[in-house]
Amino acid sequence: LKLSLSLSYVILHSGFPSQQPTMSSDVRTFHGGAAASAGDQAGAGGAYASYGPAVAGQAGVGCCAPTSNLYTLANGQVSSLPAGSILSVGGAAGAGCSTRSSGGMGCNPIACMAGEECNGGSGNMAFVGSGNGEWMTETTYKYVGEGQGDVTFVARKTKSYCGCFMCVALLLALLAFLCWLLIVNITTTTTFDGTPVTTPSPVATCTFWGDPHLVTFDGARPSFYGDGEFWIVKNDKVSIQGRFMGTKYTFGLAATNKIAVAGPFLEGHVITIGTMESGEDGKIKVDDVPVCNTLGCHYDLVHDDKQLGTIDFNTEGELPDSAASQFKREIVHLDLPLGVSLTVFRWTNYMDLIIKMPQLEGGQDGACGNFNGQVEDDSVRAIFDRIGARVGAGELLFSHRVDVEFTMEEVDMLNTCPDAGLEDARSKCKMELEGTNPTTNQLHACMFDRCFGMNEHALRTARTFASAADLAAAGSMSPTA
């Protein structure tokens, strides 16, 4: 586009520009009352133009009067015009001037002599002397048609940071999400000496009740009916074993009789807890020494001045089996390192048990399952295949192994196991018990678990094989059913 520049002059302070332009447009002053050129009039601000007939009116702002009178034309005539006067065609003097030598833009700053022309010409602008005001130029642009392409308007390029801001926002959102995952999947606990210990989550519970009914960390429901010592939790740092023994109320089917907790996380100490009818053997003990055996007591487990955990003995706790609500409560609470806690409900001839812990580093297994989130691999047979049917030689936390009994009800029930299942159970139990020099009853107890371990209510079947004397001894309702 071609751009055309025009200069306009701005009058400041109601005065004159230092170089005063006038538009002559055949506007003249005369001595002796001669007529001015008809058809001329003063423009706004004192500028002269010739756009219409001369009529009486107001002069433009800034067109100034001399010391003598200023006369106006009516129909291009004036009756008298004193010498030295300035004729303002179309109006009176403009505001802002008071001396003969002053005038607004377009006015002659000097007096005209008699008979002389004042700024004659054809409309060109001419310098007519110094003024008293100030002026400045302004540059304006107007469109004058298509150009030759030698002038181009180029918009200034600016950098956009929108993309950068979006990237930063996405990165921050991703970082927040990862932090949230870290918080959800990692549980930080504090040991009793104030040292923070980070353990993986999730945290889950394993529950034993009755004869013994069981729910693993992963939610499976295996049952262990044969007598003997079993792994409940087996890990490089945490070891929990259970002794399962039959009762007269269960026709010989086992219930939890005693537990032992040990391992490197307890710095070599062993905690044991048994049933109330077990007497001395059933007391709460640490390294085979009775501790905290009065209701309401509290015991601090300490090693080399370092507190490892606590033992509390009271009547508080939610029962895992409402059928036991009729019994006197003796409940033991163990709070131990690595986020491991146990609640042991001691009854007369059996115990209920709740274990709460996170997944352990290095993996784990036992009656509570392998805690891998898969229910199907926590069957009795799968657990036996992985870690053996009983605690192996040299691994026992108890001071001795219990004598295994096998009742007539159990013998009769075992004979109902399908032949293929029975022979498979026999061969596998021999391998799993190898090294423990198993007795016949121990072998049969292992076979019973393999045949009926996934039957939650084997007690109902066992009752059908019970003699009248056994039924009378057990009563009409077994407290461990």
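Laid out as a table, the results:
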| read-out | value |
| --- | --- |
| Count of residues meeting criterion [polar (S, T, N, Q) and open to solvent by less than 80 Å² (accessible area, probe 1.4 Å)] in region 373-413 | 2 |
| A468 being open to solvent by 20 Å² or more (accessible area, probe 1.4 Å), over 30 Å from D287 (Cβ atoms) and among the small types (G, A, S) | yes |
| Strands (runs of 3 or more DSSP E) wholly inside region 137-256 that include at least 1 residues being under 41 Å from the mean Cα position of the chain (by Cα) and modelled with pLDDT of 95 or more | 203-209, 213-215, 228-234, 239-246 |
| Subset of region 441-464 [of a type outside the set (D, E, K, R), touching a residue at least 24 places away in the same chain (Cβ under 8 Å) and open to solvent by 40 Å² or more (accessible area, probe 1.4 Å)] | N441, Q442, H444, M454, N455, T461 |
| Boolean, S223 is polar (S, T, N, Q) and touching a Pro at 6+ places or on another chain (Cβ under 9 Å) | yes |
| Hey, E432 buried (at least 18 other Cβ atoms within 10 Å of the Cβ) and acidic (D, E) or not | yes |
| Test: residue in region 414-426 that is open to solvent by 40 Å² or more (accessible area, probe 1.4 Å), in a helix (DSSP H, G or I) and in contact (Cβ under 8 Å) with a residue 60 or more places away in the chain | no |
| G309 being within 19 Å of T205 (Cβ to Cβ) and either modelled with pLDDT under 95 or touching an Asp or Glu at 6+ places or on another chain (Cβ under 8 Å) (or both) | yes |
| Subset of region 257-293 (residues that are in a loop (DSSP other than H, G, I, E, B) and hydroxyl-bearing (S, T, Y)) | T275 |
| Some residue of region 358-373 being without any contact (Cβ under 8 Å) to a residue 60 or more places away in the chain, out of contact with any Asp or Glu (no Cβ under 6 Å at 6 or more places or on another chain) and more than 20 Å from D449 (Cα to Cα) | no |
| Contacts under 6 angstrom Cβ, first residue in region 255-282 being closer than 12 Å to V332 by Cα, partner buried (at least 22 other Cβ atoms within 10 Å of the Cβ) and polar (S, T, N, Q), 6 or more apart | T275/N257 |
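Let's see how each residue does on (1) at pLDDT 95 or above; (2) under 25 Å from N235 (Cα atoms); (3) surrounded by fewer than 20 Cβ atoms within 10 Å (Cβ to Cβ):
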{"site": "L266", "(1), (2), (3)": "yes, yes, no"}
{"site": "G274", "(1), (2), (3)": "yes, yes, no"}
{"site": "N293", "(1), (2), (3)": "no, no, yes"}
{"site": "N314", "(1), (2), (3)": "yes, no, yes"}
{"site": "I331", "(1), (2), (3)": "yes, no, yes"}
{"site": "P337", "(1), (2), (3)": "yes, yes, no"}
{"site": "L342", "(1), (2), (3)": "yes, yes, no"}
{"site": "Q364", "(1), (2), (3)": "yes, yes, no"}
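The values are calculated or read from the model by the stated rules, or taken from the named source; none is laboratory data. Because the structure is a prediction, the values reported are computed rather than measured. When we count neighbours, we look across all protein chains shown, and the Cβ atoms used for this are built from the backbone with ideal geometry, even at glycine. Ligands, DNA and RNA are stripped out before the accessible areas are found, and what is left, the full protein with its side chains, is counted by its heavy atoms. Shrake-Rupley method; radii C 1.70, N 1.55, O 1.52, S 1.80 Å.
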